[in-house]
Amino acid sequence: MASRIVDALNSVAPKVANAQQVRKYLGLDANSINSVRGTLLRLAESGLIERPERGQYRGKGSPDM
């Protein structure tokens, strides 16, 4: 799931998205929201995505940028 989230956020960078938007973009059901939130937090802590403000996440751009 982590690589799908990074790819999704990079594809819409520099726009920000919240966990609910990411969940919907990936086509996951509502029961997946906690997994998405946890994954977003881990990705932000590891520096793979940005967290400009609480609950908002942003990709760092496409790999070819």
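None of the figures in this text is laboratory data; all of them are computed from the coordinates on show. As the structure is a computational prediction, the values presented were derived from the model and not from experiment. Neighbour counts are summed over all protein chains in view; Cβ atoms, including those assigned to glycine, are modelled from backbone coordinates with ideal geometry.
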Expected-Rg normalisation [2.2 N^0.38 Å, Cα atoms] applied to the chain: 0.98
Between helix 33-46 and the chain: long-axis angle, C-alpha atoms, 0 to 90°, nearest 10: 30 degrees
Degrees, to the nearest 10: 2-12 long Cα axis against longest axis of the chain: 60 degrees
Gaussian network model of the chain, Cα within-10 Å springs - most flexible of Arg54, Arg23, Arg37: Arg54
Dipole in debye (nearest 20) - the chain, about Cα centre, beta carbon charges: Lys, Arg +1; Asp, Glu -1: 160 debye
Environment charge at Ala30 (Cβ cut-off 15 Å; Lys +1, Arg +1, Asp -1, Glu -1): +2
Relative contact order (%) - criterion: Cα under 8 Å, at least six apart; region: the chain: 47 percent
Computed [θ] at 222 nm, helices only, for the chain once each DSSP H run of length n ≥ 4 contributes -39500 (n - 2.57): -15000 deg cm²/dmol
